[in-house]
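Before any comments, here is the structure.
The values are calculated or read from the model by the stated rules, or taken from the named source; none is laboratory data. Bear in mind the structure is a predicted one, so any value in this text is a computation, not a measurement. Backbone-built Cβ (ideal geometry, glycine too); neighbour counts: all protein chains shown.
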Amino acid sequence: MDTIGQTSKFHATSASQSSPQLFAEVVFNIPLNKIFHYNIPANLREVLIPGMRVKVPFGNKVVTGFCVGLTDKSSGYKTKDIMGILDVFPLADETMLRITRWLSSYYCCGWGEAIHAVIPPVVRRNPKEKRYIFVKCSDHLSEMEKEAILQAKKNATKQMKTLEFLFTKETNSGISAKDLMKATGCTMSVIRRLEQENLILLEEKSMDALNMPEECNKLRQHLTFTGEQQSAFEIIKQKLAEPVQGVILLHGITGSGKTELYLQTIAKLLEQGRKTIFLVPEISLTSQTIRRIKERFNNVAVLHSHLQGAFHYSQWKDIKEGRVDVVVGARSSIFAPLKDVGLIILDEEHENTYKQENSPRYNARDIAILRAKYENAMVMFGTATPSLESYYEAMKGNYAKIVLSKRIGALQLPRVEIVDMLEEVRKKRGYHIVSQKLEYYMKQVLSRNEQVILFLNRRGFAPYLHCKRCGFVLKCSHCDIPLTFHKKLNITLCHYCHREAIPPESCPDCLTGNINYRGFGTEKIEDEIGKKFSEYKILRMDSDTMRSHGSHEKALKAFEQGEFQILLGTQMIAKGLDFPNVTLVGVISADTMLNLPDFRSGERTFQLISQVAGRTGRGQKGGRVIVQSFNPRHYSITYAAAHDYEGFAKKELEYRKPLNYPPFGKLARIIFRGVSEKNTEEKAVVIGNTLKEIAKESNWQLEILGPSPAPVTRINNQFRWHLLLKAKDHQRIHDALQHVTDMLKPTKGVQSLVDIDPYMML
């Protein structure tokens, strides 16, 4: 990229030397891929570096923009002066500017939008860190000395009570002074007095730092590889020795030791002075991953959106300033400001959570490959159920493929049994959420003090409220979807726009009392399981229960320690978790994903069943999986039950090839949304017809599907239409979109959103 290549040249030029006039190239956080030129005042020439934010006049406003380059070429129109620089160092370095330039071009968004998206909001705010005082016992005190101290403090009741509490509390991190005062009734003066007597230690920490896994004073040794792992590691080392490492697809069944391969590859890179970005698909998985990594390595940082302000900023700044060797985080961590990157790992690479659903609609998988190319690094995609795109690339030889086909310790994959729920209904003369078979095995497992995981990818108590008499379904007043009933909160909630309503006592249409709660979600299952297994504790994990800071970590730790016997949840519990005492997994409804109007529904169903099945049988006790389905002979379910990925992939690819769906073809989706149904439809039809004419005249082998109403036709009072562009390669899609760029601009209150490589079709 020319402007970036000129950065160092122009930055080195002193203002005092005779040099051409410099202009700053500035972009803004708007959906416009255009660079604007501004004069650089003399007093700012030595300060401004591309990647910094600047304050500039834009129209009749003063706004913030990103400087992306310096040039001596005038734009040809009258330029205004930069008013100020907002940063002391660039927030985006040269590599990140190159990545965001590509991102804006490929995903059809503004360059400024792309830069804005890769820099965490907390970094743009630069917050002050809120500190807390933590108290713990002095390290030098023996048990005998503690007893003597308590005896001596008999007359100082508050001091004695405080010390007694601390002496019996087992924690390396200490307890916050606030919590200590609440627990013992002491005051801050009592705490300060005990500190003066060298009986306790006080330390200032952030609350986030307390919730993070502690650094290990003594790092654990690497585990011994199995023969299969050793062979895989030899291939990885060979790839590392090559000038261009490329992409490795690590296709390992659940429990086959992929994580150990990651860790020892990280160690190999560290020996070479190179660093690692480690991505996980769910924030709920970061705590387990961080713990495993921190047991092996120092200088580990974490980045994800649930970190609180100042701690998030301090982690980002540590990475930026070179104090970190390994970055762990979710999707956006691919943009971490880490130098000397030698390895990028995407664990569970098949997960759709790596795809960003807001602009810029990037896929972290693609950004990882691009960044690795710029940094000359290796990419490792690890999964038990590869995305068909990655599997196909490996088939073509574009990715190196490594297979781990055996579980560690000769453990067997769990036996999977499919329950035909239509037959269950006939036998029981009615529908029951939990089949007889699942209930039978739950009783057996729980009686042996083992644990159960129940999976359903639908939250709430009832997906919709229905009138038996007139057929009325209670829908969101702003969206074209039924409201979900949440029993504990006694509200109906829209899962798209989050509007709440009080559930009606009778049907609003026919005014009878025939409102019924139809279907079921995690809350209803929790209610039913609680009645059937009242003597056991149930932990529910979904986005309704896991809202508070650190809730994922606390919940998983409690389950791991046996405080709960049944774990019930949505897809946040379906992957990456390792609990040896779990010997039974129940998939309540395998059809939830299968019935979605999406060409990937079969693939997602196979992946979810396979992944959730992998949560059991990870110890010597073995495991069993019960899959409940109304469509038990669907190939995605039968192949998942047989642990046969190759069979599933072959069958699915056979269906996709004649239709030219990915991985054989490329897709783009345009979503039209507006408050007027008529205007939204008209714009969709006009652009759809224009694209069809372009495809016909150019003979690009470009197929236009639609336009048609989106499956969810209204969200938040906006009507939605969509169309699909399908072609053999991306270039034809981008060329077609280029022809309608001006038409895609907002008109008559209708927005047009372009999604390249879409993952959701709703």
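The table for this structure:
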| quantity | calculated |
| --- | --- |
| Number of the condition not met by ILE367 [criteria: (1) at pLDDT below 95; (2) crowded, with 22+ Cβ neighbours inside 10 Å; (3) not in a loop (DSSP other than H, G, I, E, B)] | (1) |
| Cross-chain or 6+ apart pairs with Cβ under 7 Å, region 733-762 first and surrounded by 13 or more Cβ atoms within 10 Å (Cβ to Cβ), then among the hydroxyl-bearing types (Ser, Thr, Tyr) and in a loop (DSSP other than H, G, I, E, B) | GLY749/SER676; ILE756/TYR107 |
| Complete set of residues in region 266-320 that are farther than 22 Å from MET380 by Cβ and of a type in the set (Ser, Thr, Tyr) | SER305, TYR313, SER314 |
| Residue list for region 348-364, filter: acidic (Asp, Glu) and surrounded by 23 or more Cβ atoms within 10 Å (Cβ to Cβ) | GLU348, GLU349, GLU351 |
| Residue selected from region 379-418 under the condition of a type in the set (Val, Ile, Thr) and surrounded by fewer than 19 Cβ atoms within 10 Å (Cβ to Cβ), by the criterion nearest to ILE334 (Cα to Cα) | VAL403 |
| Residues of region 105-121 that turn out to be outside any helix (DSSP H, G or I), more than 20 Å from the chain's Cα centre (by Cα) and among the hydroxyl-bearing types (Ser, Thr, Tyr), as a count | 0 |
| Selected residue (only one of TRP700, TRP721 is in contact with an Asp or Glu (Cβ under 8 Å, 6 or more places away or on another chain), among the aromatic types (Phe, Trp, Tyr) and either part of a helix (DSSP H, G or I) or surrounded by fewer than 19 Cβ atoms within 10 Å (Cβ to Cβ) (or both)) | TRP700 |
| In region 309-331, the residues that are in contact (Cβ under 8 Å) with a residue 60 or more places away in the chain and buried (at least 19 other Cβ atoms within 10 Å of the Cβ) | ALA310, PHE311, HIS312, TYR313, TRP316, VAL326 |
| Residue within region 676-689 that is in contact with a Pro (Cβ under 7 Å, 6 or more places away or on another chain), crowded, with 17+ Cβ neighbours inside 10 Å and in a strand (DSSP E or B) present | no |
| Members of region 724-750 that are assigned to a loop (DSSP other than H, G, I, E, B) and either farther than 18 Å from TYR107 by Cβ or touching a Cys at 6+ places or on another chain (Cβ under 9 Å) (or both) | LYS728, THR741, ASP742, MET743, LEU744, PRO746, LYS748, GLY749 |
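Yes/no per residue for (1) free of Cβ contacts under 8 Å to residues at least 60 places away in the same chain; (2) more than 29 Å from the chain's Cα centre (by Cα); (3) assigned by TED's automatic domain parsing to the domain that holds VAL587:
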site	(1), (2), (3)
SER629	no, no, yes
ARG633	yes, yes, yes
ILE637	no, no, yes
HIS643	no, no, yes
LYS657	yes, yes, no
ARG673	no, no, no
